[in-house]
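Values quoted throughout were computed directly from the atomic coordinates according to the rules given, and no laboratory measurement underlies them. Predicted, not measured: the structure shown is a model, and the values here were computed from it. Every residue, glycine among them, receives a Cβ derived from its backbone with ideal geometry; neighbour counts consider all protein chains shown.
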2 protein chains.
Amino acid sequence: MDFRLETFLPYRLNQAAELVSQRFAAQYRARYRMTRPEWRALAALGSYGRMTATEIGANSSMHKTKVSRAVRALEEKRWLKRSEDAADRRIEHLDLTPAGRRIYGEMIALAHEYEQELARLLGADGLEQLEAGLATIEAALAVQPARRGPSD
Amino acid sequence: MDFRLETFLPYRLNQAAELVSQRFAAQYRARYRMTRPEWRALAALGSYGRMTATEIGANSSMHKTKVSRAVRALEEKRWLKRSEDAADRRIEHLDLTPAGRRIYGEMIALAHEYEQELARLLGADGLEQLEAGLATIEAALAVQPARRGPSD
DNA sequence: GTCAGGTGGTTACAGATGTAACTGTCCATT
DNA sequence: AATGGACAGTTACATCTGTAACCACCTGAC
């Protein structure tokens, strides 16, 4: 019976992620009334330019319904606009409006500041080691292609 | 404009936490129809014995409504029972039933296996470095005591 | 051409969550 | 004894989320 939740890696990772995210989220929630899915979609569009909803989902690991709702919210804020694809009418291309790009610029400035604060906290080595750990996890546990066996 | 969500620490931490948690959560969801708050409450009670709902919340960083609901769910599963405090009738003491302890035992076996799997994945050094990073984050960002100034 | 199956995206629904308000209880002050 | 916080725990409500079903459209096999 030597188990302690406080030392269980999944729990600790969640705690750390919560702590780190919440503090940043507090900024965009308060300043721009943005949710996390909206921030992620904005960030994706801001850094890559025109994308489709599916691409945003792939880039920021969001479920397609989350993307759909985030896109609508950003559209209502007039921070992005949709345009139809000439060749395939299922597809919508999404672009930030000038207002959206302005917010994006402000947000990445905040993001950089925050990253620097975290870097100071962790130290250069600490940050590097933490990121190495995260990379290992990502590589090892990332969504594996579906197993196909004789039975399906 | 050199910002990429994929390299933003809060995002990466969330991703890693999701990956690591989901895989473990899949087990208790499938085997025992347990939610994460229920698993956390079970784990707290299993490792510390009799606790109150407030103590569970403090130990496992859960909002009191989450604890309240998890406790009810575990009670309905007959894995815990409540008993009133003789001296203070606001308080409920919570104990696992024998059935609850059995499930707890099975769960910590799974937890240990999973920890070992993660340890193999990360290597002894990697694990240590990752945990050091998490500890720094916890220490630096943990809920600070409320600031008290002249104005409040 | 047509039709089956797949894809991009939305939505109805059910479950999970946090905020705020609530109940019941305790305790310190009077 | 009475009363005004403070605290343990629950609940109503609004919001967010994922699942599954759905629509519109595309494509390849025939």
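Exactly one residue among B:13, B:19, B:96, B:9 is in contact with a strand residue (DSSP E or B) (Cβ under 9 Å, 6 or more places away or on another chain) and away from DNA strand C (no atom under 11 Å from the Cβ), and that residue is B:96.
Residue by residue, here is whether (1) in contact (Cβ under 8 Å) with a residue 60 or more places away in the chain; (2) over 13 Å from the mean Cα position of the chain (by Cα); (3) more than 16 Å from DNA strand D (Cβ to nearest atom) holds:
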| site | (1), (2), (3) |
| --- | --- |
| A:29 | no, yes, no |
| A:49 | no, yes, yes |
| A:58 | no, no, no |
| A:85 | no, yes, no |
| A:92 | no, yes, no |
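Please pick out the residue among A:140, A:111, A:119 that is at the interface with chain B (Cβ under 9 Å from one of its Cβ atoms), out of contact with any helix residue (DSSP H, G or I) (no Cβ under 6 Å at 6 or more places or on another chain) and not hydroxyl-bearing (Ser, Thr, Tyr). That would be A:111, the only listed residue that is at the interface with chain B (Cβ under 9 Å from one of its Cβ atoms), out of contact with any helix residue (DSSP H, G or I) (no Cβ under 6 Å at 6 or more places or on another chain) and not hydroxyl-bearing (Ser, Thr, Tyr).
Please find, within region B:60-82, the residue that is farthest from DNA strand D (Cβ to nearest atom) out of those that are away from chain A (no Cβ under 14 Å) and among the small types (Gly, Ala, Ser). Per the stated criteria, the residue is B:73.
Here's the yes/no breakdown for (1) more than 29 Å from residue B:16 (Cβ to Cβ); (2) among the acidic types (Asp, Glu); (3) more than 10 Å from DNA strand C (Cβ to nearest atom):
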{"residue": "A:46", "(1), (2), (3)": "no, no, yes"}
{"residue": "A:56", "(1), (2), (3)": "no, no, no"}
{"residue": "A:62", "(1), (2), (3)": "no, no, yes"}
{"residue": "A:73", "(1), (2), (3)": "no, no, yes"}
{"residue": "A:83", "(1), (2), (3)": "yes, no, yes"}
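If you go through region A:119-136 one residue at a time, do you hit one that is surrounded by 11 or more Cβ atoms within 10 Å (Cβ to Cβ), of a type in the set (Asp, Glu) and within 16 Å of DNA strand D (Cβ to nearest atom)? No, region A:119-136 contains no residue that is surrounded by 11 or more Cβ atoms within 10 Å (Cβ to Cβ), of a type in the set (Asp, Glu) and within 16 Å of DNA strand D (Cβ to nearest atom).
In summary, residue B:13 fulfils each of the numbered conditions (1) within 9 Å of chain A (Cβ to nearest Cβ); (2) among the hydrophobic types (A, V, I, L, M, F, W, C); (3) within 13 Å of the chain's Cα centre (by Cα) with the single exception of condition (3).
If you filter region B:17-50 down to residues that are touching a Ser or Thr at 6+ places or on another chain (Cβ under 9 Å) and among the hydrophobic types (A, V, I, L, M, F, W, C), you find that the one that is nearest to the other protein chains (Cβ to nearest Cβ) is B:43.
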